[in-house]
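In what follows, a structure is listed as structure tokens, so that the remarks can point back to it.
The values are calculated or read from the model by the stated rules, or taken from the named source; none is laboratory data. Here the structure is a predicted model, which is why all the values come from computation and not from measurement. In this analysis, Cβ positions are derived from the backbone assuming ideal geometry, glycine residues included, and neighbour counts consider all displayed protein chains.
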Amino acid sequence: MTFLSAKTSVALPDPHAIVAAFHEHFAEYMTMTRDGEAVHFEADYGNGTFGAEDGRFAARINCVSENILLSVKAMVAEHIVEFSGDTSLDFRWEGDGAELRELPNLFSGRVVRAYNLTPKMRRVVIAIDEGIERLMSGGLHVRILILPDQARAPVWPHVSKTGAIVWAQGEDEQARRVYTIRSGDIKRGEINLDFVMHEGDDMPGAHFGATAAAGDIVGIVGPGGELPDAEDYVFAGDETALPVMLRMAAEMPAGKKLTVYAEIDNENERQEVSSKAQVTWNWLYRDGKAAGTAGLLQQSLRSHGWNGHEGLHVFVGCEKSEARIIKKMLGDEAGLPKTCLHTAGYWVRGANDDH
Ligand SMILES: Cc1cc2nc3c(=O)[nH]c(=O)nc-3n(C[C@H](O)[C@H](O)[C@H](O)COP(=O)(O)OP(=O)(O)OC[C@H]3O[C@@H](n4cnc5c(N)ncnc54)[C@H](O)[C@@H]3O)c2cc1C
């Protein structure tokens, strides 16, 4: 596999503490191993090293694509600032994409129409000005940028010299939320995003889904996230993960085996499942209980007949604390190694999920 590479270093009072902070913070999301003063990370999309050298914190990263390299550089840059508490740091990246200032994975879209798929799931169809092929082939999810005022020209983000992404501020600030590209039509230049109409007060994502009108402009950053190759899949998720589970099932080739546990409020929220794979789809009903509190996914996965992990991939997408409990349970009780598990917090109960 060919990698794109970049490196940076920055003088800090205690670079060892920053290496330790990266180690602690990211161990939950990727495989990290300590090697003397350095910490090495390994993920599906690349690898790299965080180290302390001559009074400097140093990061070296290798990633499989330009977009991922950009995101990882931004993530490293933002965490250097967060962990050191110093917002005046002025560092530079060397290597691939060092001169990049425009986000190559930013698209602008215009709402075409919106309609309900079920009582609580609303589809928004968005026409993409340019680059629909890249959006439809590069990954499953995008971050949408919701404009504060459709009447004012959007101020889109750019990349700073440190690699951090600079988002519009003040009255131009956009809410950012992650959604799945459920499907799309390359010829028409359109993508379909499906929004859960959930409970809550201040919820820009659900509000956009509920009120989007033809002609509204929306920014789109991405895509990212892919389904690893396996023979036998188990998916478990609530309605926020329904778009991705339905898409992954729809794109799965014949010959694969898939078991799905899909938690929804009631049977009116069911959607049609289509797949060439051998699918066992289990709908789990909360029947009025608050989302993220019913424990149905955990129960179902606990009693799933696990039979080794050769050729297995497990995906879990649901409320964040529920996802954490399930991840621990699948490791401790089902004995599944981290390498065949992808558990993700899709939303946070009681908090705004400002991605
Ligand atoms: C990779 C990924 C893909 C995703 N794909 C989709 C998708 O295709 N469709 C989709 O609808 N969502 C999807 N989500 C989840 C979505 O990003 C979150 O639900 C997000 O928090 C919604 O933002 P909001 O502005 O509506 O609410 P927020 O501002 O985040 O939260 C406001 C309030 O609403 C509550 N809340 C948020 N989400 C829910 C919920 N689902 N149920 C109950 N209460 C909730 C919060 O706890 C909070 O109290 C995805 C998330 C990830 C990480």
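Residues in the stretch 1-59 that are assigned to a strand (DSSP E or B), over 27 Å from ILE325 (Cβ atoms) and hydroxyl-bearing (Ser, Thr, Tyr): SER5, THR8, SER9, THR49. I'd like the full set of residues that are more than 29 Å from LYS161 (Cβ to Cβ) and surrounded by 19 or more Cβ atoms within 10 Å (Cβ to Cβ), limited to the stretch 97-119. VAL111, ALA114, THR118, listed by residue number. For the stretch 335-355, the set of residues classified as surrounded by fewer than 15 Cβ atoms within 10 Å (Cβ to Cβ) and hydrophobic (A, V, I, L, M, F, W, C) consists of VAL348, ALA351, listed by residue number. Taking strands (runs of 3 or more DSSP E) as the structural unit, those lying wholly within the stretch 248-355 and holding at least 3 residues that are under 22 Å from the mean Cα position of the chain (by Cα) correspond to 257-264, 312-319, 341-347. Taking every residue in the stretch 12-30 that is in the same structural domain as ALA59 (by TED's automatic domain parsing) and pairing it with any residue that is exposed (fewer than 14 other Cβ atoms within 10 Å of the Cβ), at least 6 positions away or on another chain, the pairs with Cβ-Cβ distances below 8 Å are LEU12/GLY55; LEU12/ASP86; PRO15/GLU53; PRO15/GLY55; HIS16/GLU37; VAL19/GLU37; HIS23/ARG34; MET30/GLU42. Checking each residue in the stretch 193-207 for being buried (at least 18 other Cβ atoms within 10 Å of the Cβ) and more than 6 Å from the ligand (Cβ to nearest atom) picks out only LEU193. Looking across the stretch 208-228, the residues that are surrounded by fewer than 18 Cβ atoms within 10 Å (Cβ to Cβ), touching a residue at least 24 places away in the same chain (Cβ under 8 Å) and not in a loop (DSSP other than H, G, I, E, B) come down to ALA210, ILE217.
Scanning the stretch 163-192 for residues that are of a type outside the set (Asp, Glu), in a loop (DSSP other than H, G, I, E, B) and out of contact with any strand residue (DSSP E or B) (no Cβ under 8 Å at 6 or more places or on another chain) returns ALA164, ALA168, GLN169, ILE186, LYS187.
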